[in-house]
Amino acid sequence: MRILHVITMLDVGGAERLIADLLPILREKGHQVDLLLFNGVETPLKEAVSQKDIPLFELTRGKDVYHYFWDVYNPSHIIKLRRYLKKYDIIHTHNTACQLYVPLARMIFGMSVPLVTTEHSPSNRRRTKWWFKPIDKWMYNQYNSVICIADKTRKNLEDYIGPHENIVTISNGVDVKKFLKPIKDISSQNSFVITMVAGLRAEKDHETLFNAMTYLPDNYSLRIVGGGVREQALKETCERLCLNDRITFMGVQSDIPGILDQSDILVLSSHWEGLSLSSIEGMASGRPFIASDVDGLREMVGGAGVLFPHGDSKALAEKIQYLCEHPDEYRQVARRCQEKARQYDISIMAEKYDKLYQSIRE
């Protein structure tokens with residue numbers, strides 16, 4: 001089967017990393033799998049995908065990933081999409097611009113190629129604007145299948161546009177074996193490294209983690225992995241809190257398994273999530289995983305890792321310190337996290353995607 005995945009760009013987000021891991025597995029199942037970028041800006045992830053011999057196409061190429069609006073939402077993309085609508089058995093979109101422009105192009109040019117999309121987040125800014133609702137309802141109705149990455153994501157979407165037979169839930173997954181490490185023994189340590197891997201974007205709550213550092217002793221340090229539009233604002237927050245000597249901004253990194261292996265505690269402080277791939281990776285790493293008690297993380301981390309009340313920096317600090325000072329509890333939490341992570345291996349997800357594609361073609 002000829003399948004084209006379409007996404008805005010290959011930044012460091014969960015949807016982008018998911019594609020990088022998923023497409024080679026779909027190709028191993030016998031499909032021709034190509035990738036189209038609305039903005040072909042050069043990124044480490046784009047380089048990694050090209051090295052996997054996945055054919056890459058782009059509609060334009062911007063200068064960077066942080067000032068991309070016109071590179072992504074340029075209406076001329078609708079015209080450029082025509083050539084791709086003719087070549088594939090299924091087109092699978094990700095992210096808002098692609099979700100909207102691909103069915104628009106199909107309608108304008110009278111094409112009939114089946115469409116699939118993945119809804120990666122339980123919420124978005126469009127849903128706060130009343131005038132966007134009829135556009136969204138039309139858009140989702142153009143798809144043969146809308147894949148939601150978690151039950152909460154599906155519920156929120158159906159609450160917004162109404163129930164649809166074409167909406168299904170397929171949980172995201174990661175290549176768990178790349179992240180599995182022996183559970184760390186911290187019983188003889190006297191200093192501890194906390195790591196948060198996340199884009200520096202509005203849905204992430206770095207500030208609560210920074211404030212938690214003010215409650216922790218000086219032998220606790222923090223590494224922030226990822227890039228994004230909020231980098232400068234977050235660095236200013238660290239300076240205001242006098243934490244520059246204890247917090248390191250590492251930027252975008254390609255060796256996430258190695259970074260997790262050098263950490264003692266993994267944290268994801270967020271305002272909301274879809275189904276966080278970094279949570280699965282972190283839980284697989286043999287380290288305790290601590291996350292905000294919010295939609296998308298509650299379902300993933302609850303019963304395995306540790307949840308803290310959203311925005312409660314003191315509670316977060318207490319949970320971090322307790323685990324580091326109680327090695328037996330540290331190991332038990334890490335063990336439960338690994339067991340939970342194995343349920344989200346990408347091979348399970350790829351099999352469900354393959355069956356969905358086959359059912360649509362039939």
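Number of residues in the range 243-274 that are in a loop (DSSP other than H, G, I, E, B) and of a type outside the set (Val, Ile, Thr): the value is 15.
From ARG342, ARG335, ARG287, ARG331, grab the single residue that is outside any helix (DSSP H, G or I), farther than 19 Å from THR118 by Cβ and among the charged types (D, E, K, R). Lay out the reasoning, then the answer.
Values: ARG342 fails: outside any helix (DSSP H, G or I); ARG335 fails: outside any helix (DSSP H, G or I); ARG331 fails: outside any helix (DSSP H, G or I).
Selected residue: ARG287, the only one of ARG342, ARG335, ARG287, ARG331 that is outside any helix (DSSP H, G or I), farther than 19 Å from THR118 by Cβ and among the charged types (D, E, K, R).
Output the residues belonging to the range 290-307 that are at pLDDT below 95 and either part of a loop (DSSP other than H, G, I, E, B) or in contact with a Cys (Cβ under 6 Å, 6 or more places away or on another chain) (or both). Selection gives VAL294, ASP295, GLY296, LEU297, GLY302, GLY303. Evaluating GLY274 against the criteria (1) at pLDDT 95 or above; (2) over 21 Å from ASN211 (Cβ atoms) leaves one unmet condition, (1).
Residues are listed down the side, and each one gets a yes or a no for (1) crowded, with 16+ Cβ neighbours inside 10 Å; (2) under 30 Å from VAL49 (Cα atoms); (3) more than 22 Å from the chain's Cα centre (by Cα); (4) not assigned by TED's automatic domain parsing to the domain that holds TYR140:
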residue: ILE167; (1), (2), (3), (4): yes, yes, no, no
residue: THR195; (1), (2), (3), (4): yes, yes, no, yes
residue: GLY199; (1), (2), (3), (4): yes, yes, no, yes
residue: GLU207; (1), (2), (3), (4): yes, no, no, yes
residue: ASN211; (1), (2), (3), (4): yes, no, yes, yes
residue: GLY251; (1), (2), (3), (4): no, yes, no, yes
residue: SER254; (1), (2), (3), (4): no, yes, no, yes
residue: SER263; (1), (2), (3), (4): yes, yes, no, yes
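Between ARG106, ARG82, ARG27, the distinction of being within 29 Å of SER359 (Cα to Cα), touching a Phe, Trp or Tyr at 6+ places or on another chain (Cβ under 9 Å), free of Cβ contacts under 8 Å to residues at least 60 places away in the same chain and of a type in the set (D, E, K, R) belongs to ARG82 only.
Scanning the range 54-78 for residues that are in contact with a helix residue (DSSP H, G or I) (Cβ under 8 Å, 6 or more places away or on another chain) and at pLDDT below 90 gives ARG61, GLY62, VAL72. All conditions but one from (1) at pLDDT 95 or above; (2) among the hydrophobic types (A, V, I, L, M, F, W, C); (3) crowded, with 20+ Cβ neighbours inside 10 Å apply to VAL176; the one that does not is (1).
Comparison of LEU180, LEU157 shows that the only residue that is more than 17 Å from HIS5 (Cβ to Cβ), in the same structural domain as LEU323 (by TED's automatic domain parsing), under 23 Å from the mean Cα position of the chain (by Cα) and among the hydrophobic types (A, V, I, L, M, F, W, C) is LEU180.
If you take the residues in the range 224-249 that are under 23 Å from HIS310 (Cβ atoms) and either touching a Lys or Arg at 6+ places or on another chain (Cβ under 9 Å) or of a type in the set (Ser, Thr, Tyr) (or both), which one is surrounded by the fewest Cβ atoms within 10 Å (Cβ to Cβ)? Within the range 224-249, the match that is surrounded by the fewest Cβ atoms within 10 Å (Cβ to Cβ) is VAL229.
Taking the range 315-362, which residues are small (Gly, Ala, Ser) and in contact with a helix residue (DSSP H, G or I) (Cβ under 9 Å, 6 or more places away or on another chain)? Within the range 315-362, ALA315, ALA317, ALA334, ALA341, SER347, ALA350 meet the criteria. Checked against (1) among the small types (Gly, Ala, Ser); (2) touching a residue at least 40 places away in the same chain (Cβ under 8 Å); (3) more than 25 Å from GLY162 (Cβ to Cβ), SER76 meets all criteria but (2).
Condition check ((1) surrounded by fewer than 20 Cβ atoms within 10 Å (Cβ to Cβ); (2) of a type in the set (Asp, Glu)) across all residues:
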{"residue": "ILE320", "(1), (2)": "no, no"}
{"residue": "CYS324", "(1), (2)": "no, no"}
{"residue": "GLU329", "(1), (2)": "yes, yes"}
{"residue": "ALA334", "(1), (2)": "no, no"}
{"residue": "ASP345", "(1), (2)": "yes, yes"}
{"residue": "ILE348", "(1), (2)": "yes, no"}
{"residue": "GLU351", "(1), (2)": "yes, yes"}
{"residue": "SER359", "(1), (2)": "yes, no"}
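One residue alone among ILE360, ILE290, ILE320 is in contact (Cβ under 8 Å) with a residue 24 or more places away in the chain and within 18 Å of the chain's Cα centre (by Cα), and that residue is ILE290. Between SER279, SER188, SER269, SER221, which is outside the structural domain of GLY13 (by TED's automatic domain parsing), buried (at least 24 other Cβ atoms within 10 Å of the Cβ) and free of Cβ contacts under 8 Å to residues at least 40 places away in the same chain? Selected residue: SER279, the only one of SER279, SER188, SER269, SER221 that is outside the structural domain of GLY13 (by TED's automatic domain parsing), buried (at least 24 other Cβ atoms within 10 Å of the Cβ) and free of Cβ contacts under 8 Å to residues at least 40 places away in the same chain.
The values are calculated or read from the model by the stated rules, or taken from the named source; none is laboratory data. Just so we're clear, the structure is a prediction, and the values are computed from it rather than from any experiment. So basically every Cβ, Gly included, is an ideal-geometry build from the backbone, and we count neighbours across all protein chains shown.
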